[in-house]
């Protein structure tokens, strides 16, 4: 694995041509049927969900959509979900539970959208509900951070049995830009912020937040999307093997304890 | 008032502090007056305090310390505090975090931003959680997350209802991703308490925002808010920056949350204890069908 700094990795995940879920879904899954809407308000283009086969096994896929161009980004709000996106995710997760399908969450967002309508429709409640329900969802949940894992907007799809990160992905409590503007009142110092925030896959493995690091092609996933997709497939295959062996109680206890154990304090 | 506290800290630590130097400002005895952050009106502190720290002009329910909150909420002398001595480490080696915590411990008398314990309200046993915005804006780090999770686990084990007074600026930046994970930890503990069929009441106080709104605060069976308090997910200035216009005062208020369906009721401070006692009573009898 390469020893790049967090800010160098930030450059890689922002590079034009970095594969998105729109590239990965057809490469990793077969016969993807997209399902729309939260049945409460609308359909959020920032969260794409549906059913597909993974190596012959039916799975539910829930993915945050970063656009590859302006049109895709307009449709997906640059990958920043509204409450209806999180409620669609929950609907599909409960559907997966009913039909005993594992859930694969693909995370790639700067964060939940911050806006007037998002507040009116309960962005906080929508994320809270996802976190609580995913914690107790009676089917395996595997989450993979593809690029950016931004704060509560990422965690809403990140309560899982195993969290994997692509080698160059980051996961943070606030965007480096937001951190710089809070700490130094200067958003332009985001690279500096990134380097002190402990947000790389390796940092997070050390903090026991991330369970697996999925290697990318040498210069990043954009240089060989097929190879990156193959690495993701291999990981999902092995993760599902591990989780299918477990009874439901064991699965849910381990999921609870995975998050229960994170925190550093003295008594 | 907070400035006075900091000046005591500065003297005690005998070193220069990053706090602003106020010596050039005109000498107004701040202790005597309360200026309401909502309506801007000024009242005498005596009147404001006698009114339960509620603005006499607009009814804004201002921030209380956790001790003040406990005093007006639970039966006298019934608190059995849990995890009193817990203090946070510095999980991402954030510069100055230990020193900052130490200074706040000296000035607030708190170890971190939440007090949890077993207590009684009008004779009924509860587990109570009270956050205190005077400690790092009651941001949620390892200690806040752990104490809240343990409080719910204790309540589940002893089959007790939980009442949580929430107040928070959100995640604790100084603890990085570890702070974010406390959202999952606390919400998971709420889920187990809920599955056990037990009651959880949230009382949202000023301000309930960010990662606390997006986790356990929004998961109560019944959600109460104090009048005029700030409740929301995203920071107001962040949203104003996105839409490039000023937001109305009511945006993200308790009243806004009630109107949009995210709060069950708005209850004045002077009626809170009574209201909680009634709600606890209503949940004691499980209803004819389920009586054993």
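Throughout, read-outs are computed from the coordinates displayed, never taken from laboratory work. The structure displayed is predicted, hence computed values, not measured ones. FYI the Cβ positions are ideal-geometry reconstructions off the backbone, even for glycines, and counts take in every protein chain you see.
Helix B:97-108 and the long axis of chain B differ in direction by around 80°, with both axes built from C-alpha atoms.
Using a cutoff of 8 angstrom between alpha carbon atoms and counting only pairs six or more residues apart, the relative contact order for region A:149-267 works out to 25 percent. Summarising the label geometry, the points placed 7 Å from Cα in the beta-carbon direction at residue A:189 and residue A:206 lie 2.2 nm from one another.
Calculated mean residue ellipticity at 222 nm for chain A: -12500 deg cm²/dmol, from DSSP H runs with n ≥ 4 weighted as -39500 (n - 2.57), summed, divided by the residue count and rounded to 500. The C-alpha atoms of chain B define a longest principal axis, and helix B:176-195 lies at about 20 degrees to it. Across chain A, the relative contact order, built from alpha-carbon pairs under 8 Å that are at least six residues apart, equals 17 percent. With contacts taken as Cα pairs under 8 Å at a separation of at least 6 residues, region B:108-252 carries a relative contact order of 20 percent. With a Förster radius of 41 Å applied to the beta-carbon distance between residue A:53 and residue B:250, the computed FRET efficiency rounds to 0.25.
Just the Kirkwood number for region A:6-258, please: inverse of mean 1/r across all distinct Cα pairs, in Å, one decimal.
18.1 Å
With both labels modelled 7 Å from their Cα along Cα-to-Cβ, the residue A:32 to residue A:95 distance reads 1.5 nm. What residues of region A:147-163 lie in the reach of a label at residue A:237, counting those whose backbone N is under 14 Å from a point 7 Å from the Cα along Cα→Cβ? No residue qualifies, since no backbone N sits under 14 Å from the label point.
Extension gain, residue A:253 to residue A:70: 0.36 nm times the residue separation minus the Cα-Cα distance gives 61.6 nm. Classify the protein assembly as shown from the C-alpha gyration tensor, please: rounded if a/c falls under 1.5, else prolate or oblate depending on whether a/b exceeds b/c. Taking the square roots of the gyration eigenvalues as a ≥ b ≥ c, the protein assembly as shown is prolate. Shape class for region B:62-286: oblate, because the ratio a/c of the largest to smallest gyration tensor axis (alpha-carbon atoms, square roots of eigenvalues) is 1.5 or more and b/c is at least a/b.
Which of A:54, A:237, A:32 ends up with the largest GNM mean-square fluctuation for chain A, with Cα atoms connected below 10 Å? Of the options given, A:237 has the highest mean-square fluctuation. Potential lengthening of the chain between residue B:158 and residue B:282 amounts to 42.7 nm, from the contour at 0.36 nm per residue minus the alpha-carbon distance.
Note on residue B:31 and residue B:57: the model spin-label points, each 7 Å out from Cα along the C-beta direction, lie 2.4 nm apart.
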